[in-house]
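J.: I have a structure I would like to understand better, so I am pasting it below and will then ask my questions one at a time.
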Amino acid sequence: LTTVKEMKQLAFSFFVSPFSLDTSTSIGQENFQKVKNFLYTLVSSLNVSSDQIRVGLAQYSDETFTVFLLNQYSLKNVLNHLQGRVTFLGGPLQTGRALEFLHQVFFKEEAGSRISQGTPQFAVVITSAKSKDDVAEAAEELKEIGVKVISVGVQNFDREEMEVIATSPLVYQISGGQSISQLHQDITNVLEAPVQQHASVADIVFLVDESSRIGIRNFQLTRTFLLKIVNALDIGPNNIRVGLVSYSDEPRLEFTLDTFEDKSDILDYLKILPYRGGRTYTGAAIDFLRKKVFTQEAGSRKNQGVQQLAVVITDGQSFDDFVEPASKLRHHGVAVYAELSMDLLPTYTEKDS
């Protein structure tokens, strides 16, 4: 991450979207076919491939099962499945269980999810009636890991329940005055928003080691590195937000994601960032990011689908374990990048000479 170009590339990657399709008795055979046609049109308009947009599908009624995972098929095979191999099942409707299934099965690295890389995650839930089980807790757990949930109602859907399921205001319906073509366009716009945003929208928090092992010279190089990176980013409340935490024996919150709106204020703060020394506790500092910094109260826009990035600058040594805290942070929907502070030394020495 020692170049501005690499840093800016962190703020964008293509999204992952599993579809959860209601095949219960309440939807009926005729409406089920309409939904299949809708999905076929929607997916065929997306740029589906292993290194760009990944699509998965689950069917549910009283039970939920995987039709195909996110890393399983190319666009052609996805469309073939939608056309001929997705069949109507019937049975009572348990949407809460289906949401839990998506969380436990689809939003995992082994299923093809790139959630730990900071890739935007979407779940499109298509439902035809009020669920027989509770949906609130399962929906909230999905949103907490950074998944943006879109709910689509068919037939006798329950609007209030759909609003509980969805990330506001992403509630749609296949009925009434809203045409299928308009619905297709609306949802496509939501799914393609991360592609259109590119590297202009992200929440980035820098975690900076200021321990005695780093030393004053490397700390000064780190500060120069941060000034260079921040100066190149499109800082703004609706674009890239930046936060900063320094740490040694304990983490110190320098500023949150919503403290500064102007780039100049961040640069002024960085210029006088002090060096304190102390012992290195990287694990505790990473836990602090998850609990106190990547939160809505601290300016995080995770619930709005904005990418969450943590850049850890350290010498790689720590008095506590940092592997488990880093894993928890990634499962919280934050992409974690590490920069060894000693690697900054040759970069700036060569430039200065």
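J.: Which residue out of Ser151, Ser212 is hydroxyl-bearing (Ser, Thr, Tyr), modelled with pLDDT of 90 or more and out of contact with any Phe, Trp or Tyr (no Cβ under 9 Å at 6 or more places or on another chain)?
T.: Ser212
J.: Can you say whether Thr23 is modelled with pLDDT of 85 or more, crowded, with 20+ Cβ neighbours inside 10 Å and either closer than 23 Å to Leu309 by Cα or β-branched (Val, Ile, Thr) (or both), as far as the supplied structure shows?
T.: Here the answer is no, as Thr23 does not meet what is asked.
J.: Can you spot a residue in the stretch 221-243 that is within 26 Å of the chain's Cα centre (by Cα), open to solvent by less than 50 Å² (accessible area, probe 1.4 Å) and over 23 Å from Gln307 (Cα atoms)?
T.: no
J.: Go through the stretch 287-307 and give me each residue that's open to solvent by 10 Å² or more (accessible area, probe 1.4 Å) and among the hydrophobic types (A, V, I, L, M, F, W, C).
T.: If the condition is that a residue be open to solvent by 10 Å² or more (accessible area, probe 1.4 Å) and among the hydrophobic types (A, V, I, L, M, F, W, C), then Phe288, Val306 are the ones that fit.
J.: Still on this structure, please answer the following. Glu160 is checked against (1) more than 22 Å from Leu69 (Cβ to Cβ); (2) at pLDDT 90 or above; (3) touching a Ser or Thr at 6+ places or on another chain (Cβ under 7 Å); (4) not hydroxyl-bearing (Ser, Thr, Tyr) and fails just one. What number does that condition carry?
T.: Only one criterion in (1) more than 22 Å from Leu69 (Cβ to Cβ); (2) at pLDDT 90 or above; (3) touching a Ser or Thr at 6+ places or on another chain (Cβ under 7 Å); (4) not hydroxyl-bearing (Ser, Thr, Tyr) is unmet by Glu160, namely (3).
J.: Counting only residues that are closer than 20 Å to Thr23 by Cα, touching a residue at least 60 places away in the same chain (Cβ under 8 Å) and out of contact with any Phe, Trp or Tyr (no Cβ under 7 Å at 6 or more places or on another chain), how many does the stretch 127-148 have?
T.: The total comes to 1.
J.: So which of Phe106, Phe65 ends up being out of contact with any Gly (no Cβ under 9 Å at 6 or more places or on another chain) and aromatic (Phe, Trp, Tyr)?
T.: Phe65
J.: From Ser24, Ser49, Ser61, grab the single residue that is within 27 Å of the chain's Cα centre (by Cα) and not hydrophobic (A, V, I, L, M, F, W, C).
T.: Ser49
J.: Out of the residues in the stretch 244-261 that are under 15 Å from Val201 (Cα atoms) and at pLDDT 95 or above, state the one that is least open to solvent (accessible area, probe 1.4 Å).
T.: Leu257
J.: Checking Ile187 against (1) in a helix (DSSP H, G or I); (2) open to solvent by 30 Å² or more (accessible area, probe 1.4 Å), which test does it fail?
T.: All conditions pass for Ile187, except number (2).
J.: State yes or no: is Glu339 closer than 28 Å to Ala232 by Cα and either in a loop (DSSP other than H, G, I, E, B) or open to solvent by 70 Å² or more (accessible area, probe 1.4 Å) (or both)?
T.: No.
The values are calculated or read from the model by the stated rules, or taken from the named source; none is laboratory data. This is a predicted model, so every value here is computed, not measured. Note: ideal-geometry Cβ built from the backbone for every residue, glycine included; neighbour counts use all protein chains shown. These area figures cover heavy atoms from the full protein model, side chains too; ligands, DNA and RNA do not enter into them. Shrake-Rupley method; radii C 1.70, N 1.55, O 1.52, S 1.80 Å.
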